[in-house]
Amino acid sequence: DQQVKQNSPSLSVQEGRISILNCDYTNSMFDYFLWYKKYPAEGPTFLISISSIKDKNEDGRFTVFLNKSAKHLSLHIVPSQPGDSAVYFCAASYSGTYKYIFGTGTRLKVLA
Amino acid sequence: GAVVSQHPSWVICKSGTSVKIECRSLDFQATTMFWYRQFPKQSLMLMATSNEGSKATYEQGVEKDKFLINHASLTLSTLTVTSAHPEDSSFYICSAKREGLAYNEQFFGPGTRLTVL
């Protein structure tokens, strides 16, 4: 049972445009969400997170939006840069546990 | 800060042998570490939670006798894949929870590629 889903396995975006990566979850107990970036044969690196008490969090070019009623979150990258090309994972967690449940990942390719 | 290392970065072994992978938090203490496994083009799957000074907590479907976890100090957790078989070939990643942070943020190691022949 995949509790965290990223339905788009890949996404291509032109440099300078906006990249939007989506993530859906099924467990309403989740109250903390994160986005990680991962290159092949490397560990994930943290990008941005959001608590369920918020609906938006922004950090530079990265903004995460949370829609609790739809159990949906998205990561916006603007402007997209070639160096952003990587696999992006969303992850969810809930109070009382430090376990992360990862989505299946979306491979982003930013075209120069 | 918050650097996590893994050793080795890659290992090739024969079927039936055991392999030990180390995960270290270099500049912080971690009472809790996590072990993940990632198969090609798949998600990171949590295998177990490693707790310093106590037994690890394994996720459903993960054989605790096959994947031995030891968390003997606040900066080191080890995962031993016992009697490895080709189906154990995977990318193993550890993470560490840094104490004192307001919420549960994990820092990931670079991963270990295990190939069992």
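Tabulated values for the structure
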{"read-out": "The one condition in (1) under 10 Å from the mean Cα position of the chain (by Cα); (2) buried (at least 20 other Cβ atoms within 10 Å of the Cβ) that A:TYR25 fails to fulfil", "value": "(1)"}
{"read-out": "Out of A:PRO79, A:PRO40, sole residue that is at pLDDT below 90 and assigned to a loop (DSSP other than H, G, I, E, B)", "value": "A:PRO40"}
{"read-out": "Given (1) more than 10 Å from chain A (Cβ to nearest Cβ); (2) part of a strand (DSSP E or B), number of the condition B:ALA84 does not satisfy", "value": "(2)"}
{"read-out": "Condition met for B:THR31 (open to solvent by less than 70 Å² (accessible area, probe 1.4 Å), modelled with pLDDT under 90, on the phi < 0 side of the Ramachandran plot and among the β-branched types (Val, Ile, Thr))", "value": "yes"}
{"read-out": "Selection count, segment B:51-72, where residues are within 11 Å of chain A (Cβ to nearest Cβ) and of a type outside the set (Asp, Glu)", "value": "3"}
{"read-out": "Qualifying residue in segment B:36-52 (condition: closer than 20 Å to A:TYR100 by Cα, modelled with pLDDT of 90 or more and in a loop (DSSP other than H, G, I, E, B))", "value": "no"}
{"read-out": "Unique residue being farther than 24 Å from A:ALA91 by Cα and within 13 Å of another protein chain (Cβ to nearest Cβ) when the list is B:TRP35, B:TRP10", "value": "B:TRP10"}
{"read-out": "Residue list for segment A:92-112, restricted to those being part of a loop (DSSP other than H, G, I, E, B) and either away from chain B (no Cβ under 11 Å) or surrounded by fewer than 21 Cβ atoms within 10 Å (Cβ to Cβ) (or both)", "value": "A:TYR94, A:SER95, A:GLY96, A:THR97, A:TYR98, A:LYS99, A:THR104, A:ALA112"}
{"read-out": "Test for A:PHE65: is it open to solvent by 50 Å² or more (accessible area, probe 1.4 Å), under 16 Å from A:ILE101 (Cα atoms) and within 13 Å of the chain's Cα centre (by Cα)", "value": "no"}
{"read-out": "Failed condition for B:THR115, given (1) more than 16 Å from A:TYR100 (Cβ to Cβ); (2) open to solvent by less than 20 Å² (accessible area, probe 1.4 Å)", "value": "(2)"}
{"read-out": "Residue check, B:LYS66 within 11 Å of the chain's Cα centre (by Cα), open to solvent by 20 Å² or more (accessible area, probe 1.4 Å), farther than 25 Å from A:SER93 by Cα and at pLDDT 90 or above", "value": "no"}
{"read-out": "Test: residue in segment B:75-93 that is more than 26 Å from A:PRO9 (Cα to Cα), surrounded by 14 or more Cβ atoms within 10 Å (Cβ to Cβ) and at pLDDT below 90", "value": "no"}
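The values are calculated or read from the model by the stated rules, or taken from the named source; none is laboratory data. Predicted, not measured: the structure shown is a model, and the values here were computed from it. Cβ atoms come from the backbone with ideal geometry, glycine included; neighbour counts cover every protein chain shown. Surface accessibility is based on the protein's heavy atoms, side chains included, excluding ligands, DNA and RNA. Shrake-Rupley method; radii C 1.70, N 1.55, O 1.52, S 1.80 Å.
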